[in-house]
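The structure under discussion appears below in the form of structure tokens.
The values are calculated or read from the model by the stated rules, or taken from the named source; none is laboratory data. Please read these numbers as outputs of a predicted model, since none were measured by experiment. Heads up, the Cβs are rebuilt from the backbone with ideal geometry, glycines too, and the neighbour counts pull from every protein chain shown. Just the protein is used for accessible areas: all its heavy atoms, side chains included, with ligands, DNA and RNA removed. Shrake-Rupley method; radii C 1.70, N 1.55, O 1.52, S 1.80 Å.
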Amino acid sequence: MSCVAALQTMRGMALVNAATLIAELGDLSRFANPRQLMAYLGLVPSEYSSGSSTRRGGLTKAGNSAARRLLIEAAWCYRFPARISRELRLRQEAQPRPIREIAWKAQLRLCTRYRKLARGGKPAKVVTAAIARELAGFVWAIARHVSPE
């Protein structure tokens, strides 16, 4: 089973998006935890700290910009309520149950989080970046269930 096929079980990750993401990132097992992947993609806030004061800034935008852009584009799909479309169901059929469960858990969490942040008054671009950061964590979780080729 390939990692590209496994990633296609997620909303916003069709063939081209999943294949490009894996081509850009390579082997995801090199990241010990999802936070390392998020930092590599530049989806974490920058920090300015001195002594006891800590200030958080915008995204660091370090690392792979193409992969970051793909995740942000995929994150826009989570504006809408969670559901499995016919096309997504067809992509999921060949995948094992644990991968489908991770994809559904991601969809439930990210759709709910998008609405909650948007209702809280956050700008759409900020909300989408936050969703992309969490989406990277779910991508990492799915990649852990795929055997390396």
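Structure notes:
- In region 63-85, of all residues being out of contact with any Leu (no Cβ under 8 Å at 6 or more places or on another chain) and part of a loop (DSSP other than H, G, I, E, B), the one that is least open to solvent (accessible area, probe 1.4 Å) corresponds to Ser85.
- Count of region 97-123 residues which are part of a loop (DSSP other than H, G, I, E, B), within 16 Å of Ala75 (Cα to Cα) and open to solvent by less than 90 Å² (accessible area, probe 1.4 Å): 1
Residue-wise test of (1) under 25 Å from Arg91 (Cα atoms); (2) without any contact (Cβ under 8 Å) to a residue 60 or more places away in the chain; (3) among the acidic types (Asp, Glu).
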{"position": "Met10", "(1), (2), (3)": "yes, no, no"}
{"position": "Met13", "(1), (2), (3)": "yes, no, no"}
{"position": "Phe31", "(1), (2), (3)": "no, no, no"}
{"position": "Gly42", "(1), (2), (3)": "no, yes, no"}
{"position": "Ser46", "(1), (2), (3)": "no, yes, no"}
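- Filter result for Ser29 (at pLDDT below 95, open to solvent by 40 Å² or more (accessible area, probe 1.4 Å) and in a strand (DSSP E or B)): no
- Pick from region 32-62, criterion aliphatic (A, V, I, L, M) and open to solvent by 50 Å² or more (accessible area, probe 1.4 Å), ranking: nearest to Ile142 (Cα to Cα): Ala32
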